[in-house]
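Some notes on the structure that comes next.
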Amino acid sequence: MKSFKINLMDLIALILLVFSFFIPFLANSLKVNGEVLLMLINCYLIGYLSYLISFMETKKVLLMAIPLILFSGFLIFFMRDFKFVFEKQRLHDLLYVITNLYDVIFVVICFFVIEIVLSRIVGGKASLGFGVAALILYYVMQNSDIIPFDFYYKDLLVYFFFFVMAARIKPAVKFNNFLLFLGLLFLAGEIYLYIYLNYYPGFYLSTIILTYLILKQSLDVECVNRQRYLFFAYLYPYKVIYVLLKSAINASPFAITIIAVLSTFIIGEFLYKIKVKFLDYLFIGIH
């Protein structure tokens, strides 16, 4: 029997990404705010992708963006019955695809470019300072009226912090038990405040600590394992598969999600086994 090595960092990312597809159906049953849960998941996924990117050459990061361009373009024209005419509506379609289907990877690519610019202008440590400032600004906006303005996409402030934080994490062999205890303690306190006092400060600090620990303990970062490959399969092809299934079959959103998840798994496993470099970069983004 063949065996394969499980990387905790990649496995958690895969589980969280697939779980995020079912949040609209499970949020009420779990008695949690779906948007809050999705934000916490996105924080880990953005940190995870940033950590992977920090070990890549720039050209490989650009190759990772190929499926984003390919699938986004396909979906835009699919939504308009493949009428190859530029209209103002195309821009609205592009915004819809990016914000609803490929928001996580699009944000990561944008942050990658922004972080490069900031690092060259003010240095790497200063760009981390911008990330911390963004997190503080988010907390102030969520919990006070000190700042007289607000904006819809303020979650990006937290996401940017996770991106710059994860990009600077260095692998460590020794596990930090104190940080684990602190993270679990924070998590227990935050859950208590949410369930019994109905208080949510806008973000959970425990997410920062636990994400940091998980990423830091992942040593074999540059090796593309099965879990990571499947993660990128669900990050990219899944969205197209879901849209195609939704337009082709008359079924409930939950049933379509199940079929799309299983179909993506089969396709991802097939591509992983044949390991064709051209197809990998075209459809998955990594090889």
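Rule-based calculations on the coordinates, nothing more; no lab input. None of these values were measured; they are calculated from a predicted model. Heads up, the Cβs are rebuilt from the backbone with ideal geometry, glycines too, and the neighbour counts pull from every protein chain shown.
Okay, here's what the table says:
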read-out	value
Gain on full stretching of the segment that runs from Y96 to L197 - 0.36 nm per residue minus C-alpha separation	32.7 nm
Sites excluded, chymotrypsin sites (Phe, Trp or Tyr not before Pro) in DSSP loops with at most 11 other C-beta within 10 Å, longest stretch of the chain	200-287
Cβ-based net charge around M165, under 14 Å, with every Lys or Arg adding one and every Asp or Glu removing one	+3
R0 of 22 Å, Cβ-Cβ distance Y281-M56: FRET efficiency to nearest 0.05	0.95
Nearest-0.05 FRET efficiency for I121 and I258, computed from C-beta distance (R0 35 Å)	0.15
Degrees, to the nearest 10: 34-53 long Cα axis against longest axis of the chain	80
Net charge over other residues, Cβ less than 11 angstrom from the Cβ of K216 (K, R count +1; D, E count -1)	+3
Dipole magnitude of segment 215-287 about its Cα centre (Cβ charges: Lys, Arg +1; Asp, Glu -1), debye to nearest 20	40
Spacing of the two label points (7 Å from each Cα toward its C-beta) at L180 and K154, in nm	3.6
Charge dipole (debye, nearest 20) of the chain; +1 at Cβ of Lys and Arg, -1 at Cβ of Asp and Glu	780
Selection from I53, L244, S20 lying farthest towards where the dipole of the chain points positive, charges on Cβ	I53
Around Y51: net Lys/Arg minus Asp/Glu count, Cβ-Cβ under 12 Å	+2
Neighbour-count order for L11, L26, fewest beta carbons within 10 angstrom listed first	L26, L11
D (Stokes-Einstein, µm²/s), Kirkwood Cα radius, segment 49-154, 1.306 mPa s at 10 °C	96
Linear extension gain, F82 paired with L219, 0.36 nm per residue minus alpha-carbon span	44.8 nm
Solvent-free Debye scattering, log10 I(q)/I(0), computed from the Cα coordinates of the chain at q = 0.12, 0.13, 0.16 Å⁻¹	-0.86, -1.02, -1.51
Reciprocal mean inverse distance between Cα atoms of segment 144-281 - Kirkwood radius, Å	19.0
Those trypsin sites (Lys or Arg not before Pro) in segment 208-287 that DSSP places in a loop and that have at most 11 other beta carbons within 10 Å	K275
Label point distance in nm, R168-V113, each placed 7 Å from Cα along Cα→Cβ	2.4
For segment 91-140 versus segment 234-286, the gap between their alpha-carbon centres in whole angstrom	27
Simple label model, 7 Å out from Cα along Cβ direction - Q89 to L70, nm	2.8
